[in-house]
Structures are given as structure tokens and as C-alpha cells.
């Protein structure tokens, strides 16, 4: 749908990336575009950019912490995302499941894999950095857990995730969720309206 380049840079470890994932379909339908999902490693991007997670950066700012929770509740209520649950194991090391996203792109299971990994993280609250938990989740999803365990150790898969992360940094990204509409960058779920408006502007000029 459409020739506009729209990209969503994501890591399963970001609750805000999950929330964006749940509403992207609506943007795609309204604007008749396809959003390309780009797996990155958030921890790696933090290191490259010198950034820290909001929970760490604002740990001592009580009012900021309260507002971030309020803003999240507002978003959840606005979009009816009642399945969302805070993951009790947060923060979760997502290295293996993000490598899995690269592997899923290559074996044709990407859309299902992404949807299920986000659900395991932010609806079911699973500890998705433990091998046994990941294996059980994949088996429940009908995905090949043995193939996953092999693929995430593949040098090409590892390199591709690192390359995506490096490219994101070089384009100006510093966290997830990040969106690009062409070369215009937007960060955070609060800018989804701007993302959609930019898509509409690009379409109008085409």
C-alpha cells in the first residue's frame, strides 16, 4: 500500500513500542501505507547515543515519574489497550528475542513473531530473557523453537541486528519507539499524530 517510506524502529523491551505497535494498524488503514518494522537493539542504541532509559534517567524525579505513568494511562484509555500489563521483570534483556526478529524476517514468520513477542512481554508479563521461557512461548505460538535457538547464534543474524542499530544511530535515533517518514524522524508514542500528519502531507504532494 503506497510508495511512502515509513519505518518503525522497535525493541520488544520498550512498553511504548508495544503501545505504538497496537495502533500502527489503524494508521496503515487510514493512510493506505505500509509501515516497515525495523528491529534494533535498544541497549546498543543507548550506548551509541549516550542515552538512558526514562526509568533510570528520571529515577529521582518523582513528579516526572508520576506524569509518565499518567501519560501512559491516558494513551491506553484513548486507544482501548486494556490487554497491556506492566512486565514485573522489567527491564528485560531482549538481545535473544531481537535477534529472533531478524531471523523471523528471513523465514517468513516476522509479523506473527513480532505480535506474539510483544504480547508475551506486555500482556502476559513473561521473563523473555530466559531460554526456557522463550522456548515455551515459541512452542505455544506454534513457532519452531529449535530453529530459533540456532538462528539467534548465526553470525549473519547477529551482524544484521548490530547493523540496524548502528544505522538507526547514524540517522539520529536515540531510543525506541522511533519513526521515520522518509527522512523525517519522530520519537515516542506522543508523536504518532505527527507521524500520521506527515504521511498525509507526503501523499498530498505526490
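Identify all residues within the stretch 43-53 that are touching a helix residue (DSSP H, G or I) at 6+ places or on another chain (Cβ under 8 Å) and either under 16 Å from residue 170 (Cβ atoms) or surrounded by fewer than 15 Cβ atoms within 10 Å (Cβ to Cβ) (or both); write none if there are none. Answer for the stretch 43-53, where residues must be touching a helix residue (DSSP H, G or I) at 6+ places or on another chain (Cβ under 8 Å) and either under 16 Å from residue 170 (Cβ atoms) or surrounded by fewer than 15 Cβ atoms within 10 Å (Cβ to Cβ) (or both): 44, 45, 48, 49, 51, 52.
Filtering the stretch 184-206 to residues that are within 19 Å of the chain's Cα centre (by Cα) and either loosely packed, with under 14 Cβ neighbours inside 10 Å or without any contact (Cβ under 8 Å) to a residue 24 or more places away in the chain (or both) leaves 184, 185, 186, 187, 190, 191, 193, 194. Helices (runs of 4 or more DSSP H) fully within the stretch 1-110 that include at least 1 residues being touching a residue at least 60 places away in the same chain (Cβ under 8 Å): 15-31, 42-49, 62-79, 95-107. Going through (1) touching a residue at least 12 places away in the same chain (Cβ under 8 Å); (2) in contact with a helix residue (DSSP H, G or I) (Cβ under 6 Å, 6 or more places away or on another chain); (3) more than 19 Å from residue 16 (Cβ to Cβ); (4) assigned to a helix (DSSP H, G or I) one by one, residue 127 falls short only on (4). Is there a residue in the stretch 154-168 that is buried (at least 20 other Cβ atoms within 10 Å of the Cβ) and in a loop (DSSP other than H, G, I, E, B)? The answer is no; no qualifying residue exists.
Scanning the stretch 108-143 for residues that are loosely packed, with under 14 Cβ neighbours inside 10 Å and either over 18 Å from the mean Cα position of the chain (by Cα) or modelled with pLDDT under 95 (or both) yields a total of 6.
Screening residue 174 against (1) over 30 Å from residue 82 (Cβ atoms); (2) part of a helix (DSSP H, G or I); (3) touching a residue at least 40 places away in the same chain (Cβ under 8 Å); (4) touching a helix residue (DSSP H, G or I) at 6+ places or on another chain (Cβ under 9 Å) leaves a single unmet condition, (2). In this structure, is residue 179 touching a strand residue (DSSP E or B) at 6+ places or on another chain (Cβ under 8 Å), surrounded by 15 or more Cβ atoms within 10 Å (Cβ to Cβ), within 21 Å of residue 36 (Cβ to Cβ) and at pLDDT 95 or above? Against the criterion (touching a strand residue (DSSP E or B) at 6+ places or on another chain (Cβ under 8 Å), surrounded by 15 or more Cβ atoms within 10 Å (Cβ to Cβ), within 21 Å of residue 36 (Cβ to Cβ) and at pLDDT 95 or above), residue 179 qualifies.
Only one of the numbered conditions (1) closer than 27 Å to residue 71 by Cα; (2) in a helix (DSSP H, G or I); (3) under 19 Å from the mean Cα position of the chain (by Cα) is not met by residue 179, and that is (2).
The values are calculated or read from the model by the stated rules, or taken from the named source; none is laboratory data. In this text, all values refer to a predicted model and were calculated from it rather than measured experimentally. Glycine gets a Cβ as well: all are built from the backbone with ideal geometry, and neighbour counts include every protein chain shown.
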